[in-house]
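One structure below.
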Amino acid sequence: MIIISDTEDIIKVDGLVKRYDGKTAIDHIDMRVKKGEMYAFLGPNGAGKTTTVRVLSTLTGFDEGSVVINGYDILKNPREAKASIGVTQQHISLDKDLTVWENMMMHAMYQQIPKAQREKRIDDLCNYIGLGEYYNYKVDSLSGGWKKRVSIVCALVHKPQLLFLDEPTVGLDIQARRGLWDLLRKLNGDGMTIFLTTHYIEEAESLCDRVGIINHGKVIVEGTPAELARKIGTATVEYYGSDHKTIYRYFQSREEAHAFAQTLGDEYTVTVRNTNLEDSFVEITGNNMGDNGFLGGGADKPAGGMGKKKGGM
């Protein structure tokens, strides 16, 4: 991972507000993302993730606050800000009736890449990503994973420094997801800043340097995956009985976790494991947001707080 200083922010957001028909979708967000980071933005459905990406990538306007991308205010210097940005949206926006090569050329022309540079730039990107043998394939004939790769090439054709990815692996099988993870690590390792939203918690935990969690339009907490997990404890006791409802208890040490596990009767199936980012996410977004914080370790609640059954995202 590239070593970066605290002053090298490629995204600076202050007091960002976005409303739709009187409803606040983004509620006074402050955010910093450093050059060279891979940053994950997590939240339940409707929390404001996609809206935030659309604002930061200049695809939609906002009502209050400021956004600076790579040193450029997106309202005062939109062209310079956009030149730093590549975007791959949740829904693939490729022309299914064109070939891979034709789609890439169309995007290069849209980005006003000089004709003499288009072919070489596309060739270089396709060799880098492994798309060369698919030039003449119609986009509609490709698998979901390869379509995503074509979308990423299109987003990179103008050499942006910052890539926004809105749920890049949604709908992909596990093999395609892992292949895309490898590609994102390669891009990031070569210096590109990546800002992604995802519903796959393990994706954020595996790939990203830092994570921000948003709920009801507010950024609730930020930190590394390990830091967020430690907020609720380092060890988890996961257990269920005859009703098959899983309960989770969090402790600050393995010793405490094992001591508690030994108090459970034989009617329970018990697992002691390390606390992870998914645990932290469920606790934050499951709490009453008015509490504005984590509950302390060792609580035992059937719902709404620590100890509840985990639900899907």
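See the values below:
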quantity	calculated
Cα-centred dipole magnitude for the stretch 175-225, charges only on beta-carbon of K, R (+1) and D, E (-1), debye, nearest 20	100 debye
Share antiparallel - DSSP beta bridges, the chain, percent rounded to 5	65 percent
Order of 18, 159 - criterion: other Cβ atoms within 10 Å of each residue's Cβ, fewest first	159, 18
Candidates per GluC sites (Glu not before Pro) in the stretch 235-281, loop by DSSP, up to 13 other Cβ within 10 Å	267
Simple Cβ-charge dipole of the chain, Lys/Arg +1 and Asp/Glu -1, about Cα centre, in debye nearest 20	680 debye
Shape category assigned to the chain from the gyration tensor of Cα positions, a/c cut at 1.5	prolate
Within-12-Å neighbourhood charge of residue 42 [Cβ basis; K, R +1; D, E -1]	-4
Sites residue 272 and residue 30 - FRET efficiency at Förster radius 45 Å, r taken between beta-carbons, to 0.05	0.75
Residue among 281, 20, 247 farthest towards the positive dipole end of the chain, charges placed on Cβ	20
Per-residue Cβ neighbour rank within 10 angstrom, fewest leading, 34, 115, 147	115, 34, 147
Mean Cβ neighbour count within 10 Å, used as a protection proxy, ranking 211-220, 164-173 highest first	211-220, 164-173
Length released on extending from residue 8 to residue 75, taking residue separation times 0.36 nm less the Cα-Cα span	22.1 nm
Residue-span extension gain [residue 216 to residue 91] - 0.36 nm each, minus C-alpha spacing	42.7 nm
62, 41 arranged by Cβ crowding within 10 Å, fewest neighbours leading	62, 41
Computed FRET value (nearest 0.05) for residue 259 with residue 120, which takes r as the C-beta separation and R₀ as 51 Å	0.20
Simple Cβ-charge dipole of the stretch 24-119, Lys/Arg +1 and Asp/Glu -1, about Cα centre, in debye nearest 20	240 debye
All aspartates and glutamates inside 15 Å of residue 82 as judged from Cα atoms, apart from same-chain residues fewer than 8 positions distant	73
Residue 64 paired with residue 226, simple spin-label distance in nm, labels 7 Å along Cα-to-beta-carbon	3.8 nm
Qualifying lysines (Cα of each under 18 Å from Cα of residue 148; at least 8 residues distant if same chain)	96, 138, 159, 186
Additional length obtainable on full extension of the chain from residue 246 to residue 110, 0.36 nm per residue less Cα span	43.8 nm
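Values in this text are rule-based calculations from the coordinates and carry no lab data. Note that the structure is predicted; figures quoted are calculated from it, not measured. Every residue, glycine as well, gets a Cβ built from its backbone with ideal geometry; the counts of neighbours run over all protein chains shown.
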